[in-house]
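Below: one structure, written as structure tokens.
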Amino acid sequence: MNDKFKKAAVIGWPIKQSKSPLIHGYWIDLYGINGSYEPIALSPDDFKSGIFELMTQGYQGCNVTIPHKEAALNIANSISERAKAIGAANTLVFKDGQIFADNTDGIGFINNLKQGAPNWNAKSGAALVLGAGGAARAIIYALLQEGAPKVIVANRTFEKAKQLAEFFGGKVTAISMNKIPDIFRNTQTLVNTTSLGMIGQPAFVVDLATLPKTALVTDIVYNPLITPMLKQAQGLGLNTVDGLGMLLHQAVPGFEAWFGVRPKVDVALRQIVLAG
Ligand code: NAP
């Protein structure tokens, strides 16, 4: 029996806001893991030495969050294809003195849709991604991996949408915000990755009425859980999935790598994270 105490952490600057300790703490208790998961604040100057210190102390690995997601790639010995494509890592696994860097945001997004809308299929038609920041990049990559035939990116700063389209090539095109209503008729998956709709921010104002009745609408903002965009979509009878599950599902691969159990995203976890 291998019952070595296993340690993992989340590293950020600041770190107080992170929900990751709630998620991993819930699974550690649920699966009776002999281990711990703690938040650790490391400034950018201390990031590299801090990570090596964790390795020395026998940690299995860690999550990394803002502002270390890009720096994490620079200290890794090997990098997953998806982390390379996304240009950032959120999960580090330590093994035999080596660091493996991964990015699980995109797969977290996809697995959230699969759980929340089991009939959803990326291959069924074009996806329209609103926003062109870090989350959009991970989501576009994941949608293409899932077989989306076409991904259209719309962003306030058109240049950033264009850069993403150029980076991903062929199936990804950029449009300006005022063109959004023109392509709704051919959209099967609508994703808001902008921060609009979040508490304290204005709503993303757009009329969803011309989306096909088969379209799925999802918002990765999860505070509030039902954003104005999701509320409008629900009013139109469209299928919707909220963004909380993306946060929960992105944590699954790290937990499995560090603690040896593939955890489930269940209703109790959602409630704990919402209340926390
Ligand atoms: P980011 O890199 O800063 O990108 C922000 C995006 O929002 C950009 O496209 C930006 O457009 C757009 N935006 C911001 N204010 C806007 C406004 N007033 N009008 C129109 N567009 C606006 O952030 P990110 O990391 O991609 O995260 C985006 C959102 O997703 C955040 O709310 C974050 O909390 C959430 N998120 C959720 C999860 C999850 O697990 N559910 C994971 C990651 C992120 P410009 O380029 O024009 O500035």
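A few remarks follow.
- With Cα atoms, 0 to 90° folded angle of helix 158-168 axis to the chain main axis: 70 degrees
- Here the 3J(HN,Hα) profile of segment 259-265, calculated from phi with Karplus coefficients 6.51, -1.76 and 1.60 at θ = phi - 60°, is 10, x, 10, 7, x, 9, 8 Hz, Gly and Pro shown as x.
- For the pair LEU274 and LYS231, the difference between a 0.36 nm per residue extended length and the Cα-Cα distance amounts to 13.7 nm.
- Computed lengthening from ASN119 to SER49, 0.36 nm per intervening residue step minus Cα-Cα distance: 20.6 nm
- Under a 5 Å amide H cut-off, with hydrogens placed 1.01 Å from N, GLY35 pairs with LYS6 among residues at least 5 apart or on other chains.
- The phi-based Karplus calculation (6.51 cos²θ - 1.76 cosθ + 1.60; θ = phi - 60°) puts the 3J(HN,Hα) values of segment 87-104 at x, 7, 10, 10, 9, 10, 10, 9, 8, 6, x, 10, 10, 9, 10, 9, 10, 10 Hz, whole numbers, x for Gly and Pro.
- Set LYS213/LYS264; LYS114/LYS264; LYS123/LYS231; LYS123/LYS213; LYS6/LYS95 screened for pairs whose C-alpha atoms are more than 20 Å apart: LYS213/LYS264; LYS123/LYS231
- Pairwise FRET efficiency - ASN223 versus VAL267, Cβ, R0 = 22 Å, nearest 0.05: 0.75
- Computed from label points 7 Å out along Cα-Cβ, the spacing between LYS95 and ALA209 is 5.5 nm.
- Antiparallel bridge percentage (DSSP; both residues within the chain; nearest 5): 20 percent
- Where the chain is the region considered: accessible area per residue in Å², 1.4 Å probe: 46 Å²
- Order of exposure, largest accessible area first, which applies to ARG137, ARG185, ARG156, ARG262 with probe 1.4 Å: ARG156, ARG185, ARG262, ARG137
- Spin-label pair ASN34/ASN178, simplified geometry with 7 Å Cα→Cβ offset, distance in nm: 6.6 nm
- Stretch gain in nm, segment ILE66-ASP3, where the contour uses 0.36 nm per residue and the Cα spacing is subtracted: 19.4 nm
- Residue among VAL265, ILE86, LEU236 farthest towards the positive dipole end of the chain, charges placed on Cβ: LEU236
- Taken one residue at a time, the phi angles of segment 38-43 give Karplus couplings (6.51, -1.76, 1.60, θ = phi - 60°) of 10, x, 10, 8, 10, 6 Hz. Gly and Pro are set to x.
- Within a Gaussian network of the chain (alpha carbon springs, distance under 10 Å), most fluctuating of PRO202, PRO263, PRO67: PRO202
- Hits among aspartates and glutamates - C-alpha to C-alpha of LYS179 under 16 Å, sequence gap 8 or more where chains match: GLU159, ASP207
- Distance between modelled label sites at LYS171 and ARG156, nm, 7 Å Cα→Cβ extension: 2.9 nm
- Under 5 Å, built H, 5+ apart or other chain: amide partners of GLY61: ALA9, PHE94
- Residues whose amide H comes within less than 5 Å of that of ALA174, counting only those at least five positions distant or on another chain, are VAL153 (H built at 1.01 Å from N in the peptide plane).
The values are calculated or read from the model by the stated rules, or taken from the named source; none is laboratory data. Fair warning: this is a prediction, and the values are worked out from it, not measured in the lab. With ideal geometry, Cβ positions are generated from the backbone for all residues, glycine too; neighbour counts draw on all protein chains shown. Quick note on the areas: whole protein, heavy atoms, side chains included, nothing else; ligands and nucleic acids left out. Shrake-Rupley method; radii C 1.70, N 1.55, O 1.52, S 1.80 Å.
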